[in-house]
Each structure stands twice: as C-alpha cells, then as structure tokens.
Amino acid sequence: MAAIQCIERLGAWEGYELEDQQEELRGQSRWCILRLRARQGVLRRCSGCGWVGVAVHDQEERRIRDLPIFEVPVELVLPRLRLNCPHCGPKLEQLDWLEPYARVTVRLAASVSRLCQVMSLRHVAAFYGLAWSTVKLIDHRSLERRLGPPCADGVEVIAMDEFAIQKGHRYATVIVEPYRKRVLWVGRGRGRLDVRPFFELLGAEGRQRLRAVCIDMSSAYTNEVRFQCPQAEIVYDLFHVLARYGREVIDRVRVDEANRLRHDREARRLVKGSRWLLLRNRDNVTNEDDQVRLRDLLAANRALLTVYLMKDELKELWAYRHAGYASRFWSQWHWRAMHSRIQPLKRFARNLKALLPGILAHCHWPLGTNLIEGINNRIKVIKRMAYGFRDDAYFFLKIRAAFPGIR
Ligand SMILES: [Zn+2]
C-alpha cells in the first residue's frame, strides 16, 4: 500500500489517483501498468473555455504512455472525462499533464523532444519503445511551439545558401542572420521565385532595411536580391569562392597532370588518387602519411604546387578589413595568376575579377570564414539523423532549431 502511495505522489497525475499497479509481459519486456481513477469531488476545467465545474458528461478509457520507472516502460490506463460544460456542451477535461488526444504524457513528450536534439528519431523511438511516427510527431509539435513562425524583424544582413535534399536531386534554400547565427527561413528550391516568399515575409520596410546579402557567386539568387533590395550590397563568401577554386582549378590541373603522366604509371596513380588530399583544407591534413604524400605530390608537380599555394594566398584576401589594401593584394594575386601559364588558373582569375566588388565588400561586412560551411555541415548531420522520411516541414524546423541565434 505504501508503494502505491509513493508512486501516486511521484506520478502527480492531478485530479486522478492510483487504483492499482500490475506487471505485464509483452514480448521480451516487462511493462508496468498503472490504473488510475478520477478523484471524487474535484473541480475540473473545460478544455474549450476554461469553465470550472464538477459535472461529468461521460468517460472513455485511454491508454497513455508515461516516463519509464527504472527503465521499465509505463502505461497508464485511465478514464478520460468529458465535462458537461454550460458553454461548450460535452467537452474534454483540461489537464496540465496530458494534452487532448495525446497518447503520451506532457513530461514524456518533453523528454522525447529533448532527446531528439541529439539523437536520431530511430534511436529515440527504440529508447522509449515508442513508434517512430509517434516520436516524430512529438518532436514536430514541440519544435513548432518552441520556434513559432519564421520572423525576420529588424534584420540588416543576411546570408543565403542552397543545400541538397536527398542526394542532390532536389534543393532547398536556407537564409541566416550571420552575426547572430540564426536561421531565419528555410524553403524548397533554389531559384528566384523559390526565395521570393522570404522577401515577402520581410515586407517593404524589412527589404529596405537590408544592407548586405551574402551569397554564392554562382547562385541564381543575385537577380532576386537586386530586384527586392537594390540598395543592399552583395558579398561573396570565402567558402563558396574556395569551393569553386577547388572544382575549376585544382581538380582541372590534377586531371591534366594525370593525363600528362600517362606513361609513368606510379606517378599517375599518385596524382589521380589525390583529389581529397588536395581539396582538403591544409590545416585538416593532420595524418603524417597524408602530409608526406601531399609533400611528395607537390614536389613532383610544379603546376599542382602553384595552384595549391595560390589557393592559400587567395584565402588571405578575406583577412583584410581595409578595402584599399585588399584591392592591392588582389592585383598582385591576379597578376601572378595571369602569368602562371596554367590555363584553368588564368580563366578563374579572369572570371573572379568581374566579381571583385562582391569580394571586396567582405571588408565592410566580415561574416566569419566558416559560418556558411558550418551551417552546411550541420544540415548534413541533421539530414542523416532524420533520414528515412520525406517531410520538408519537419526537416526545415530541425534546421531552424539547430541555429536559434545568439543574443
Ligand atoms: Zn467550455
């Protein structure tokens, strides 16, 4: 009897008392079944209007999951009451610990959504012995409540980037406030019209307030940004410029070198298999074997060494805070690229020159070199954790939740 009182006190199911407690074997696991009954003479609240009274219209038995006790899953069996409300008619009773039509208690739902921040849906479902779809629904609702609708009030600087949903077949756009690391908006697609809803959300006043927009230089966003907020400066971020350099220069030179070495099988193999080594940020090549390989590779291939060093130097451009100095540094870099006799490098330098204002704009709007890259990587992790469903709304909520913003 003392044990029952103890569970009842800890359970704190307001308005209900514990009638009895049973153990049940389901498959391989033991379950704890707690049968609750409605306390007599308690004032109850209408879930429609908040009216308080005692008149019960009818009741229906419900099975509700609660937090486990000592890792034993707990199921509550209780009568869910409908009150005879003078204003609403028959209406469910309002309970602080159980939402209308929920199949788990408020505290179990809170615990589930907390775990969903760090674990995959599948693991959370297995941990609590809940259906995968139940866990997802709980997390979805909790995120919606926590985040509310997208809001971009008072924003002056934004960064826009695209990312792939499902192995590169479909794309979406994420828009962030870079200084506060806050995701403002996520939407399907990466075209002009796809991002228009964001600018509509901003309203005329919000659009006029924008002072700088950071984008990928090859994206389709440029035209829409020019159209929506012509006064805003366009800024090209380091991450995208370097990614393009990797694709258009390093990769190209590597393939050319491999072709040139087609009679020297050993050297050719080394060059061909070096893609990731060359594209990786040099600070991230920490493995000693890789460092030796990279050194040998660059020593044997003058063109590769040149484009590799030119990439490191190009990066320096983003360290400048003074547009005049940055411009002088750029001229030197550009001169060397144009005299390198390496075609892909020359072509890249020529193209980049046309975009110079957007690159120098970085001096006025320093955005941190790894913000966009960081968001990109985080989205990949979220995608992996949430893999197995095709639900944009939930996926986008997860992205917003991962970058709620710093104050
Ligand atoms: Zn009512």
- Note on the structure: In nanometres, the difference between 0.36 nm per residue of separation and the alpha-carbon distance of residue 226 and residue 340 is 37.5 nm
- Note on the structure: Restricting to Cα pairs under 8 Å and 6 or more apart, the percent relative contact order of segment 238-363 works out to 27 percent
- Task: Assuming R0 = 60 Å, can you tell me the calculated FRET efficiency for the pair residue 43 and residue 196, based on Cβ-Cβ distance, to the nearest 0.05?
- Result: 0.70
- Message: Under 8 Å for C-alpha pairs, at least 6 residues apart: give me the relative contact order for segment 73-165, rounded to a whole percent.
- Response: 16 percent
- Message: Below 8 Å, C-alpha to C-alpha, sequence gap of six or more: please give me the relative contact order for the chain in percent.
- Response: 12 percent
- Message: Just to be sure I understand: of the beta bridges DSSP finds with both ends in the chain, what percent are antiparallel, rounded to 5?
- Response: 80 percent
- Query: Which Rg and Dmax, in Å, describe the Cα atoms of segment 238-363?
  - Reply: 15.3, 49
- Message: How many angstrom lie between the Cα centre of segment 75-147 and the Cα centre of segment 179-215?
- Response: 34 Å
- Note on the structure: Violations at 32 Å Cα threshold for listed pairs 91/398; 353/383; 311/398; 181/346; 181/315; 311/380 -> 91/398; 353/383; 311/398; 181/346
- Query: Residues in segment 24-48 near a label at residue 4, defined as backbone nitrogen under 12 Å from the 7 Å Cα→Cβ point?
  - Reply: 35-37
- Task: Treat the count of other C-beta atoms within 10 Å as a stand-in for reagent exposure and order 250, 406 from fewest to most.
- Result: 406, 250
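Bear in mind that the values in this text are calculations on the coordinates, not laboratory data. Being a predicted model, the structure only gives us computed values, none of them experimental. Cβ coordinates were reconstructed from backbone atoms using ideal geometry, including for glycine residues, and neighbour counts include every protein chain displayed.
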